[in-house]
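What follows is a single structure, written as structure tokens, with notes after it.
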Amino acid sequence: AREAGASALHFTRDVSPFARRRGERTHRALGDAGVALRGHPGLNAVDGIGEVRTQQGKPYTVFSPFHRNWLEQERRPVLDAPRELARLPSALAKGRLPSLAALGLDQEVSEPAPGGETHARAALTRFLDGPVREYADDDDALGRDRTSRLSPYLHFGCVSPRQIEERLPRGAGAEAFRRQLCWRDFYHQVLLHHPRNARSEFQARYRGNIRWSYAKRPFDAWCEGRTGYPLVDAGMRQLRAEGWMHNRARLVVGSFLTKDLGIDWRWGERWFMRMLIDGDEANNNGNWQWIASVGTDPQPAYRRIYNPARQMERHDPNGDYVRRHVPELRPVPDRYLREPWRMPAEVQAGCGCGIGRDYPAPIVDHTLARQEALERYRLDA
């Protein structure tokens, strides 16, 4: 700031405990240098998300009433980009963007989407030119992948939720997508008011009372996409390749880790934050607590135990998503693709996919795991 001759530093306010601590340290440092720190909205569709409250003045902990209130909130206007920016002092060394390796962040994702505002605007235009109209019906269709893929650009501020909201057309698809923007704001206000959620369960009754597993071998199999459940493995391999995963797949793999394997949801949350380009603490935390049945959602645990084979039958009936991300399963006949371990030996030999050799056998029995999960959540047992 001194080198640039700046009198103020402007930033977009964030809600996470990490961001708030960072802001406090920055404020102190700039104060010592005589530089003002000025925060602005922009992270959420609704400014002052922490002030969206119930009639009793309390923060919301249930989505549906928050959504109704959110729809009624005023929106700030969307401003155009400035025609030009002031020149930087000529003596200021501009520098270069460091490589990931120089920052100690060697790229683990092999096929990341390109970054920046130009690509963000192009992605938004593509979505609005067609897929948004069918979003209400297609958002869970894994094989068609008609989602917006805007989450990384939202996370890095390449496009704002207000820009998106302003350009949404009328119709059921657009309203369904707008509801997803509301979910984003909802989890931001939850973490703002409940910062301990970053480390512990929202529901106090579950804190320290669930016997989570910390078995590394099944966790590693989950991370690497070799659980023996095709839909789970497809999602985890997409994550490793793209740094992104379809939302329906996120729910399935989250349910599998916490319910089928009984592994602490925090392990899954940390892995996602490591791998996701759109990794946002508030949303990642909120979604993991939702699927682990320990968060703000009031539904009982049994409502969030997903059968991977049935989920595939509903959301990837032709196996397009699975075959795209799990190449060894491409020759498997459709009738066995959801549960390949049921293939007779002669079928395995015929299609060149031996279970336990070319593709792993299931690391857990879903039916037994479901019963164990129900017992795990019974606090009166």
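The values are calculated or read from the model by the stated rules, or taken from the named source; none is laboratory data. The shown structure was predicted, so the numbers you read here are calculated from the model rather than taken from an experiment. Don't worry about glycine lacking a Cβ; one is built from the backbone with ideal geometry, like all the others, and counts go over all protein chains shown. Note: accessible area is taken over every heavy atom of the protein model, side chains too, but ligands, DNA and RNA are not part of it. Shrake-Rupley method; radii C 1.70, N 1.55, O 1.52, S 1.80 Å.
For segment 34-57, enumerate the residues that are assigned to a loop (DSSP other than H, G, I, E, B), surrounded by 14 or more Cβ atoms within 10 Å (Cβ to Cβ) and not charged (D, E, K, R).
So in segment 34-57, the residues assigned to a loop (DSSP other than H, G, I, E, B) come out as 34-35, 41-48, 52, 54-57.
In the following step, the residues that additionally are surrounded by 14 or more Cβ atoms within 10 Å (Cβ to Cβ) were identified as 35, 41-47, 52.
Scanning segment 34-57 gives 35, 41, 42, 43, 44, 45, 46, 52.
Report yes if residue 109 is within 21 Å of the chain's Cα centre (by Cα) and modelled with pLDDT of 95 or more, otherwise no. Before the answer, list the steps.
Working: within 21 Å of the chain's Cα centre (by Cα): yes; modelled with pLDDT of 95 or more: no.
Criteria not met by residue 109.
Quick check, is residue 116 among the small types (Gly, Ala, Ser), in contact (Cβ under 8 Å) with a residue 12 or more places away in the chain and out of contact with any helix residue (DSSP H, G or I) (no Cβ under 8 Å at 6 or more places or on another chain)? Please lay out each step first, then the result.
Numbers: among the small types (Gly, Ala, Ser): yes; in contact (Cβ under 8 Å) with a residue 12 or more places away in the chain: yes; out of contact with any helix residue (DSSP H, G or I) (no Cβ under 8 Å at 6 or more places or on another chain): yes.
Judged against the criteria, residue 116 is a match.
Could you please let me know if residue 189 is farther than 21 Å from residue 367 by Cα, of a type in the set (S, T, N, Q), open to solvent by less than 10 Å² (accessible area, probe 1.4 Å) and in a helix (DSSP H, G or I)?
Values: farther than 21 Å from residue 367 by Cα: yes; of a type in the set (S, T, N, Q): yes; open to solvent by less than 10 Å² (accessible area, probe 1.4 Å): yes; in a helix (DSSP H, G or I): yes.
Against the criterion (farther than 21 Å from residue 367 by Cα, of a type in the set (S, T, N, Q), open to solvent by less than 10 Å² (accessible area, probe 1.4 Å) and in a helix (DSSP H, G or I)), residue 189 qualifies.
Any residue in segment 146-165 that's under 17 Å from residue 186 (Cβ atoms): show its pairings with residues that are polar (S, T, N, Q) and assigned to a loop (DSSP other than H, G, I, E, B) at Cβ separation under 9 Å, as long as the two are six or more apart or on different chains.
Going by the 9 Å Cβ cut-off, the qualifying pairs are 154/160; 161/44; 162/44; 164/148.
Name the pairs: first residue in segment 1-12 and over 16 Å from residue 41 (Cα atoms), second residue assigned to a strand (DSSP E or B), Cβ to Cβ under 6 Å, at least 6 apart or on different chains?
8/36; 8/38
Please verify whether residue 349 is of a type in the set (A, V, I, L, M, F, W, C), surrounded by fewer than 17 Cβ atoms within 10 Å (Cβ to Cβ) and not in a helix (DSSP H, G or I), treating the condition exactly as stated. Before you say what the answer is, go through the steps one by one.
Values: of a type in the set (A, V, I, L, M, F, W, C): yes; surrounded by fewer than 17 Cβ atoms within 10 Å (Cβ to Cβ): yes; not in a helix (DSSP H, G or I): no.
So residue 349 fails the test.
Of the conditions (1) under 16 Å from residue 236 (Cα atoms); (2) open to solvent by less than 10 Å² (accessible area, probe 1.4 Å), residue 362 satisfies every one except a single condition; which number is it?
All conditions are met except number (2).
Exactly one condition in (1) among the charged types (D, E, K, R); (2) assigned to a loop (DSSP other than H, G, I, E, B); (3) more than 22 Å from residue 75 (Cβ to Cβ) is not met by residue 126; state its number.
All conditions are met except number (2).
Determine which single condition residue 89 fails, assuming it passes every other condition in (1) surrounded by 12 or more Cβ atoms within 10 Å (Cβ to Cβ); (2) over 23 Å from the mean Cα position of the chain (by Cα).
(1)
Please go through segment 192-250 and give me each residue that is at positive phi and surrounded by 15 or more Cβ atoms within 10 Å (Cβ to Cβ), ordered by number. Steps first, please.
Restricting attention to segment 192-250, the residues satisfying the condition of being at positive phi are 208, 225, 228, 243.
Within segment 192-250, 225, 228, 243 meet the criteria.
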